[in-house]
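Notes to accompany the following structure.
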Amino acid sequence: AKAAGGARYAFFDASMTKGPPDQIELLRELRLAVELNQLELHYQPKIHAPTGEITGAEALLRWNHPTRGMVSPASFIPLAERSGLIIPIGRWVIEDASRQLRIWRDQGIRMRIAINLSVHQLRQPDLADRIASALRTHQINPELLTCEVTETSAMVDVDATVRVLQKLHAMGIQLSIDDFGTGHSSLAYLRSLPADELKIDRSFVLDLETNEDARKVARAVVNLAKALDRKVVAEGVETEGQNRILREFGCDQLQGYLFAKPMSAKALALWATDNVG
Ligand code: C2E
Ligand code: CA
Ligand code: CA
Ligand code: CA
């Protein structure tokens with residue numbers, strides 16, 4: 001990871017130089033953060049709707065900044081994407097999640113991990129090889145890893161994306177289409193993606209209890225996902241009411257603050273052993 005953040009990525013996008021000074025400063029610090037290992041993965045449980053059991057966890061980046069505290073990915077992922085720094089960061093995520101899978105396996109904790117892949121990573125020709133190599137190094141069954149790809153990023157350079165996803169799928173890695181329903185992709189295209197699960201975007205979950213139209217739209221999106229014969233996950237579940245409605249709709253898995261917020265790997269291991277059955 002030491003080569004990460006090298007000059008090669010310095011000004012991936014020349015327009016960065018004209019950005020506001022605080023963005024340039026943030027980019028400088030982010031590059032340093034990658035080198036100094038200030039990034040962490042936190043984990044949010046994914047819950048099997050019929051049984052309430054934990055099926056795995058989504059790895060979410062956190063930047064443990066020495067003076068700013070925990071910096072949210074919402075504020076640095078876009079910057080990382082514009083600057084190209086997402087490539088070394090993404091590699092670190094793949095490595096760290098694989099390492100964590102190994103730790104949990106050695107502790108006898110059955111846990112899958114889902115990582116988020118950015119559109120830039122999908123365009124790296126060596127993505128599948130890097131993932132394969134990380135899994136091999138830590139002797140991890142590829143079926144324990146899920147790659148989440150947003151519907152929008154799966155629509156960029158469609159042919160190349162489908163090829164990469166097919167390669168990952170052939171390796172036994174699970175694929176999830178994230179933020180499903182927000183990308184307006186065609187049914188034919190969605191069908192052609194080798195996805196195992198579709199993850200209904202939080203925006204469809206938000207007004208489930210209060211708005212009849214929102215409920216109809218959400219039900220239609222869930223039914224669409226089910227019609228495509230994929231597992232359906234709902235994200236951003238915060239209330240018992242949303243939980244009940246999404247179960248009625250037939251969602252397979254649920255994720256959200258109602259069950260647990262993202263937490264450190266150590267806290268997740270405790271949470272998982274306290275919440276079995
Ligand atoms: P996402 O993949 O859609 O992740 C879900 C986000 O919703 C996470 O925000 C999570 O903490 C938050 N969330 C989960 N449950 C609830 C809930 O019940 N209510 C509310 N209000 N929010 C909930 P987070 O961790 O801030 O991440 C934001 C985004 O940053 C992610 O959205 C993802 O697009 C991106 N991101 C995070 N980690 C990575 C990464 O390792 N690689 C890449 N490329 N992107 C990442
Ligand atoms: Ca995600
Ligand atoms: Ca999502
Ligand atoms: Ca989302």
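The values are calculated or read from the model by the stated rules, or taken from the named source; none is laboratory data. As the structure is a computational prediction, the values presented were derived from the model and not from experiment. As a convention, Cβ positions derive from the backbone with ideal geometry for all residues, glycine included, and neighbour counts pool all protein chains shown. The area values use the complete protein model at the heavy-atom level, side chains included, leaving out ligands, DNA and RNA. Shrake-Rupley method; radii C 1.70, N 1.55, O 1.52, S 1.80 Å.
Its alpha carbons give the range 158-277 an Rg and a Dmax of 15.7, 44 Å.
Do you know the relative contact order of the chain, to the nearest whole percent, from alpha carbon pairs under 8 angstrom that are 6+ apart?
Values: 443 pairs, mean separation 50.9, N = 277.
18 percent.
Relative to the longest principal axis of the C-alpha atoms of the chain, give the angle of the C-alpha long axis of helix 127-137, reported between 0 and 90° and rounded to the nearest 10°. For helix 127-137, the angle is close to 90 degrees. Please state the shape class of the range 67-127: rounded when a/c is under 1.5, otherwise prolate if a/b exceeds b/c and oblate if not, all from the C-alpha gyration tensor. Oblate is the answer for the range 67-127, as a/c is 1.5 or above yet b/c matches or exceeds a/b.
Kirkwood hydrodynamic radius for the range 121-172: how many Å is it when counted over pairs of different Cα atoms? All intermediate terms of the calculation are to be shown ahead of the outcome.
On the way: mean 1/r = 0.0865 Å⁻¹.
Its Kirkwood hydrodynamic radius stands at 11.6 Å.
How many percent of the accessible area of the chain is carbon or sulfur, using a 1.4 Å probe? Spell out each step's value before the answer.
On the way: 7010 of 13280 Å².
About 53 percent, which is the carbon plus sulfur part of the accessible surface.
The packing ranking of peptides 85-94, 65-74, highest mean first, is 85-94, 65-74, where packing means the average number of other beta carbon atoms within 10 angstrom of each residue. Between the helical axis of 265-274 and the longest alpha-carbon principal axis of the chain there is an angle of about 20 degrees. Report, as a whole number in µm² per second, the diffusion coefficient that Stokes-Einstein gives for the chain at 25 °C and 0.890 mPa s using the Kirkwood radius over alpha carbon pairs. Translational diffusion coefficient: 126 µm²/s.
The long axis of helix 86-106 is offset from the longest Cα principal axis of the chain by roughly 60 degrees.
What number comes out for accessible area per residue over the range 176-263 if the probe is 1.4 Å? Units Å², please. Write out the running numbers ahead of the final one.
Numbers: 4100 Å² over 88 residues.
Using a 1.4 Å probe on heavy atoms only, each residue of the range 176-263 averages 47 Å².
Close Lys pairs in the chain, defined as Cα atoms under 13 Å apart and 8 or more places apart or on different chains, number 5. The average projected area of the range 108-205, computed from the convex hull of its Cα atoms over all directions, is 6.7 nm².
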